[in-house]
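The values are calculated or read from the model by the stated rules, or taken from the named source; none is laboratory data. Values in this document were obtained by computation on a predicted structure and should not be read as measured data. Ideal geometry is used to build each Cβ from the backbone, glycine not excepted, and the neighbour counts take in all protein chains shown.
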Amino acid sequence: MIRDGFSINAKSIIGVMTLAAEQGCELVLRIDGIDESNASDELNELFESGFGEQ
């Protein structure tokens, strides 16, 4: 996950928190692995749904 040139491993919750990614900011996600296509689809759904918040 990359924000403003700062890159973190999204498997680390501390790393994700250090991004301080507020609503509306731009994130770049780099997905790599045998299930990358499925992971990409699931993440797109998660972001498009607003993380399930009303």
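Structure summary
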item: Complete set of residues in segment 27-39 that are closer than 23 Å to PHE6 by Cα and out of contact with any Leu (no Cβ under 8 Å at 6 or more places or on another chain); result: VAL28, ARG30, ASP32, GLY33, GLU36, ALA39
item: Meets criteria (aromatic (Phe, Trp, Tyr) and surrounded by 10 or more Cβ atoms within 10 Å (Cβ to Cβ)) for PHE6; result: yes
item: Per-region count, segment 1-41, residues assigned to a loop (DSSP other than H, G, I, E, B) and not hydrophobic (A, V, I, L, M, F, W, C); result: 13
item: Which numbered condition ASN44 fails, given (1) assigned to a helix (DSSP H, G or I); (2) closer than 13 Å to MET1 by Cβ; result: (2)
item: Residue within segment 14-25 that is at pLDDT 85 or above, on the phi < 0 side of the Ramachandran plot and touching a Phe, Trp or Tyr at 6+ places or on another chain (Cβ under 9 Å) present; result: yes
item: Qualifying positions in segment 9-54 - surrounded by 10 or more Cβ atoms within 10 Å (Cβ to Cβ), among the hydrophobic types (A, V, I, L, M, F, W, C) and over 10 Å from the mean Cα position of the chain (by Cα); result: MET17, LEU19, ALA20, CYS25, ALA39
